[in-house]
Amino acid sequence: MKDAKQDTVIAHAGRDPHGNFGIVNPPVYHASTVLFPTLEALEASDRAPFDGVNYGRIGTPTSAAFETAVAEVEGGYRAVTAASGLAAIATALSAFTKAGDHILISDSAYGPTRRFCNEVMARYGVETQYYDPRIGAGIATLIRPETTVVYLESPGSLTFEVQDVPAIAAAAKAAGATVLMDNTWATPLYFKPFEYGVDVSIHAATKYLVGHADAMLGLLVCNEASFLPVKRTAVRFGTCAGPDDLYLGLRGLRTLSVRLKRHHETGLALAQWLAGRPEVRRVIHPARPDHPDHALWRRDFSGASGLFAALLRPVPKSALAAMLDGMELFGLGYSWGGFESLLLPVHPAASRTATAWAESGPLLRVHAGLEDPDDLIRDLERGFARLAAAN
Ligand SMILES: *Cc1c(COP(=O)(O)O)cnc(C)c1O
């Protein structure tokens, strides 16, 4: 349907039941070798190596189904999939850089993104400069003739700064740089990067798209100009995703909007409760009016996911351990976007160079899962009681 709304698109995009016995979901193709009926067909495929199905690594009907669906939902031209979010980030950065280039990366970018730039891009002669995520149009003063990429992540990892994406993208475009953005937090539903000047929207589909903490998957949604450079680079690196993981991504997409709505509501409920606690100095959640970038979030986003942070008043590590070690519902672990709630102590000061993180208390990253919020609050309340008893 041409004018279908987003929730309708996520239910129907990338499917062709009547091309497959009427079965609702597309089959999972496990493929390496693809056979050609004739020499002519083989040679025709060689002339269009990035289209159609010619070798398992380059694309199958399973990857095409997922890529078509997410590109349609996010408003991109076409998408490319990778084995993890980080593989997608590495592919995107490699696609638009060469020795001698300068790239601008938000200081609040995901830690492993920084390490890829500092350790790998640097070895290939690409210079990384980190910028204050709140720089806005001021990014223009950092752009040099050799700047080829401006990289955004909004809200930022761990500290949740919301970036002025259209202002940064406009300055980058005026200087001829490619605009890459990690849009994992908002998912293709809650922020529409292509409406704000982004060229490639990168996702750790591992998080909310898969949504059940059971697969690694990366995604690059591209506008028309960036698709071929990204696809070619992915093919040169041998980047691809496993068929079962692609299927889990596609299946997760179908329920993304109902899950996110709940993550949003529960996240705000937990943030509100935490903000009223004496142990908490402040909560950092872009959808709360007390967030310093709340106006930007309201201007550009249509919802919030379930990930935010709470800054605690300073306590000894043993008191924090007493709280975290005894949690019944909140897991202690990396990643997020699955159905369960998580807590993680995080340390932004260790991964900042353009800006400072000067807060002294522990920073807890909270992932609000799909459990009943009253039970989650009870778990936190008992956690604070253990923290107080051990303090
Ligand atoms: C987890 C994460 C990634 C990396 O995704 P993986 O699938 O774990 O490689 C990238 N960006 C952000 C913001 C993330 O949280």
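The table that follows gives values for the structure above.
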read-out	value
Rounded FRET efficiency, nearest 0.05, which uses the C-beta distance separating T255 from A388 and R0 of 45 Å	0.70
On Cα atoms only, tilt of 256-275 relative to the major axis of the chain in degrees	20 degrees
Crossing angle, helix 243-254 versus the chain [Cα axis fit, 0-90 degrees, rounded to tens]	60 degrees
Solvent-accessible area, 1.4 Å probe, carbon plus sulfur percent, for region 223-331	54 percent
Pairwise label distance in nanometres, F237 with T141, each label 7 Å out on the Cα-Cβ vector	3.3 nm
Which of T147, N391, G218, positive extreme of dipole for the chain (C-beta unit charges)	N391
Length gained when the stretch D7-K173 is fully extended (0.36 nm per residue, less Cα-Cα span)	56.6 nm
Tilt relative to the chain, helix 165-174 - C-alpha long axis, 0 to 90 degrees, to 10	50 degrees
The chain: calculated mean residue ellipticity at 222 nm from DSSP helix runs of at least 4, using -39500 (n - 2.57)	-11000 deg cm²/dmol
Where T255, T141, T355 fall by accessible area, highest first, once all protein chains stay in place (1.4 Å)	T141, T255, T355
Extension gain, H30 back to D16 (0.36 nm per residue minus Cα-Cα distance, nm)	3.2 nm
Leading residue at positive end of dipole, the chain (Cβ point charges), from H291, P112, V24	H291
A358 paired with D46, simple spin-label distance in nm, labels 7 Å along Cα-to-beta-carbon	6.5 nm
Only Lys, Arg (+1) and Asp, Glu (-1) charged, at Cβ; the chain dipole about Cα centre in debye	480 debye
Per residue, in Å², the accessible surface of region 6-254 once ligands and nucleic acids are set aside, probe 1.4 Å	40 Å²
Surface accessible to a 1.4 Å probe, Y29 within the full protein complex, Å²	110 Å²
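The values are calculated or read from the model by the stated rules, or taken from the named source; none is laboratory data. Keep in mind the model is a prediction, meaning the values are calculated, not measured. Using ideal geometry, Cβ is built from the backbone for each residue, glycine included, and neighbour counts are taken over all protein chains shown. The area values use the complete protein model at the heavy-atom level, side chains included, leaving out ligands, DNA and RNA. Shrake-Rupley method; radii C 1.70, N 1.55, O 1.52, S 1.80 Å.
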